[in-house]
Amino acid sequence: REEDRTGYLMANFDQGLGTWRVRGDLGVRYVETRQTSTFYTNVPTTVNPAGFVQTTVERAYDDTLPSMNLVAEPNDKLLIRFSAAKVMARPALGNLAAATTVSVAGGSRSVSTGNANLDPYRAKTADFSVEWYPKPGVILSAGLFYKKISTYVQTITTVAPYSSTGLPVSLLDGTGVNANDDFSITNVINTPGG
């Protein structure tokens, strides 16, 4: 379950500065996210034939997201644009569903799980462009952009002992496998951006 609350303020402007026209907007958005993930860990064993253990993870986070868009028009054929913003995008709900499957069948040992504690994608962006309109229907433009992504969501698979997963060792009861055995562990994590 996810509950999102947001509020924003925005100011638009359109002014003349000498022979130039300058227009755009400034704003800030505040976002609060509350998530609850209830899931089952599935490990059928002789001790727990149904194999389901219910778990609930709750978390909350908030972001303040400023933004700015400016357009300067030195004349009616030339536009200079600049924008900057701090942005965020929540992870896919499927990645937040931390339902976990532990498999020890057929000699292969694996753990597959989502991650109820994923942070959203977050980035700082800036764009600059110059547009020249020499005649109707014709444009010559050049643009630059900068995107600094501070968090990224990635699916990874590693080989490590079961004990490194943080899952209860009791889930292995009756399987003939112990917590020090290596498992192929697939999960979704936050990685550094770029």
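The values are calculated or read from the model by the stated rules, or taken from the named source; none is laboratory data. It should be emphasised that the depicted structure is a prediction, and the values quoted were computed from it without experimental measurement. We place every Cβ from the backbone using ideal geometry, glycine too, and count neighbours over all the protein chains shown. Note: areas computed on protein heavy atoms with side chains; ligands, DNA, RNA excluded. Shrake-Rupley method; radii C 1.70, N 1.55, O 1.52, S 1.80 Å.
What to note about this one:
- Any hit, region 42-52, residues being modelled with pLDDT under 70, aliphatic (A, V, I, L, M), surrounded by 14 or more Cβ atoms within 10 Å (Cβ to Cβ) and not in a strand (DSSP E or B): yes
- All positions within region 70-114 that are part of a strand (DSSP E or B) and either hydroxyl-bearing (Ser, Thr, Tyr) or on the phi > 0 side of the Ramachandran plot (or both): SER83, THR100, THR101, SER103, SER110, SER112, THR113
- Checking ASN117 against (1) surrounded by fewer than 17 Cβ atoms within 10 Å (Cβ to Cβ); (2) assigned to a strand (DSSP E or B), the condition it does not meet: (2)
- Members of region 126-164 found to be under 14 Å from LEU79 (Cα atoms), outside any strand (DSSP E or B) and open to solvent by less than 80 Å² (accessible area, probe 1.4 Å), listed by number: TYR133, PRO134, VAL138
- Taken together, VAL153, VAL104, VAL111 contain a single residue that is under 18 Å from the mean Cα position of the chain (by Cα) and at pLDDT below 95, which is VAL153.
- Residue in region 168-185 that is part of a strand (DSSP E or B) and open to solvent by 60 Å² or more (accessible area, probe 1.4 Å) present: yes
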